[in-house]
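Below is one structure; the comments refer to it alone.
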Amino acid sequence: MKRYFFTVLALSVLQTSTFAQKVNVKKAFDKAALQTKVMLGEIDKAKHSSGKAGLVSPRTIEHGKLKLVASKDWTSGFFPGTLWFLYEYTKQQNWKQEAEKFSADIEKEKLNGTTHDMGFKVYCSIGTGFRLTNDAHYKEVILQSAKTLVSRFNPKTGVILSWDHSREKWVNPVIIDNMMNLELLFEATRLSGDSSFHKIAVSHANTTMKNHFRPDYSSYHVIDYDPATGAVLKKNTHQGYSHESAWSRGQGWALYGYTLCYRYTKDPVYLKQAENIAAFILNHPNMPKDLIPYWDFNAPNIPNEPRDVSAGAVIASALYELSDYSAQKKNYREKAAVMMQSMANTYTARVGENKGFILTSSTGSKPSDTEVNEPLSYADYYYLEALLRAEKLK
């Protein structure tokens with residue numbers, strides 16, 4: 001019996017250590033580069049066949065065809081960002097040239113005040129380009145984008161308005177995704193010396209921390225505010241299974257958002273919030289062994305529910321950064337490594353397939369049955385970011 005126990009224990013430890021091995025970053029980037037070359041060809045074909053002007057970036061596969069979107073789409077900045085990451089890793093000028101070309105198509109969004117998605121669109125593309133090139137023109141685009149974004153801030157609510165649509169459902173909706181746009185504001189203060197951007201980002205983070213989270217540190221998707229008083233009107237989960245469920249990508253946005261807030265402020269409240277969110281995610285009984293979450297942690301038919309690889313990529317990238325700040329460094333890095341191994345070994349497309357997307361099996365919006373078990377541009381973006389962060393671990 002003792003021999004059996006120790007054999008099982010040894011196998012368990014071996015399995016865990018195998019899962020937690022660091023991903024082969026070079027191999028993953030080599031494959032990503034080959035796939036992205038395929039994607040560039042697919043984009044040219046899709047532009048030619050669509051007959052529509054203004055389509056600039058790939059988003060997903062729809063009805064078997066590559067779906068391109070205009071710069072106003074919230075996902076438009078991710079493919080340019082992916083190209084910048086390829087340049088960052090390889091130092092090859094051809095990737096820089098492609099990144100510059102695709103980023104140029106996003107620049108006009110700096111004046112688009114009809115959406116909160118300025119960080120996703122502009123900072124993931126042009127912001128990444130600025131970090132790698134220190135281009136003065138990119139700096140100006142970043143600052144103008146931040147000025148446009150803060151026009152959506154309401155001092156009464158203390159937060160930045162998210163959606164202008166769906167007024168029949170919400171008066172002043174703010175979604176957890178909006179935490180991701182705060183990086184743009186923090187950077188704008190760093191680049192300009194104007195503290196107003198920083199103060200608005202902190203106000204948004206603090207108000208979101210107060211109103212978006214449940215006692216177990218899971219997050220609602222949408223909080224609706226009274227714009228005149230700041231009172232909370234509704235707490236909803238629009239893209240999750242139910243209003244009280246934990247939509248997995250939303251939990252990823254929350255983890256990533258409070259981690260970056262700590263990066264810029266060093267406020268221990270944000271570090272603790274990120275650690276608590278990480279604990280909810282990593283210790284959830286419905287988290288699979290490969291740590292690639294189902295689309296919602298409370299989806300009713302687990303394990304027969306779609307995964308969301310995009311959520312896994314966001315969470316893994318956030319965990320790598322959080323590991324640099326937290327006493328739980330070892331745990332976070334081990335868990336992120338499991339996620340990265342799973343994505344690299346199980347959820348990576350064969351070269352030449354998937355229209356050039358790197359990863360498979362993401363879920364955009366299960367309730368509306370859109371982009372279910374499909375590739376998504378933002379999954380690829382955060383996967384490559386996580387690979388770069390894994391490479392730089394100390």
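The values are calculated or read from the model by the stated rules, or taken from the named source; none is laboratory data. Just so it is clear, the structure is predicted and the values come from calculations on it, not from any experiment. Here the Cβ is made from the backbone with ideal geometry for all residues, glycine too, and neighbour counts use every protein chain on show.
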Number of positions in region 71-102 that are more than 18 Å from LEU388 (Cβ to Cβ) and surrounded by 15 or more Cβ atoms within 10 Å (Cβ to Cβ): 8
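May I ask you to say which residue of LEU191, LEU255 is within 27 Å of PRO155 (Cβ to Cβ) and surrounded by 15 or more Cβ atoms within 10 Å (Cβ to Cβ)?
Details: LEU255 fails: within 27 Å of PRO155 (Cβ to Cβ).
Checking each option against the conditions leaves just LEU191.
Condition test on LYS266, is it outside the structural domain of ASN331 (by TED's automatic domain parsing), charged (D, E, K, R) and either loosely packed, with under 14 Cβ neighbours inside 10 Å or touching a strand residue (DSSP E or B) at 6+ places or on another chain (Cβ under 7 Å) (or both)? Write out each step before concluding.
Numbers: outside the structural domain of ASN331 (by TED's automatic domain parsing): yes; charged (D, E, K, R): yes; either loosely packed, with under 14 Cβ neighbours inside 10 Å or touching a strand residue (DSSP E or B) at 6+ places or on another chain (Cβ under 7 Å) (or both): yes.
Answer is yes for this residue.
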Specify the residue that is surrounded by the most Cβ atoms within 10 Å (Cβ to Cβ); the eligible residues are those in region 44-64 that are of a type outside the set (Gly, Ala, Ser) and free of Cβ contacts under 8 Å to residues at least 40 places away in the same chain. LEU55
How many residues, within region 202-224, are assigned to a loop (DSSP other than H, G, I, E, B) and touching a strand residue (DSSP E or B) at 6+ places or on another chain (Cβ under 6 Å)? 3
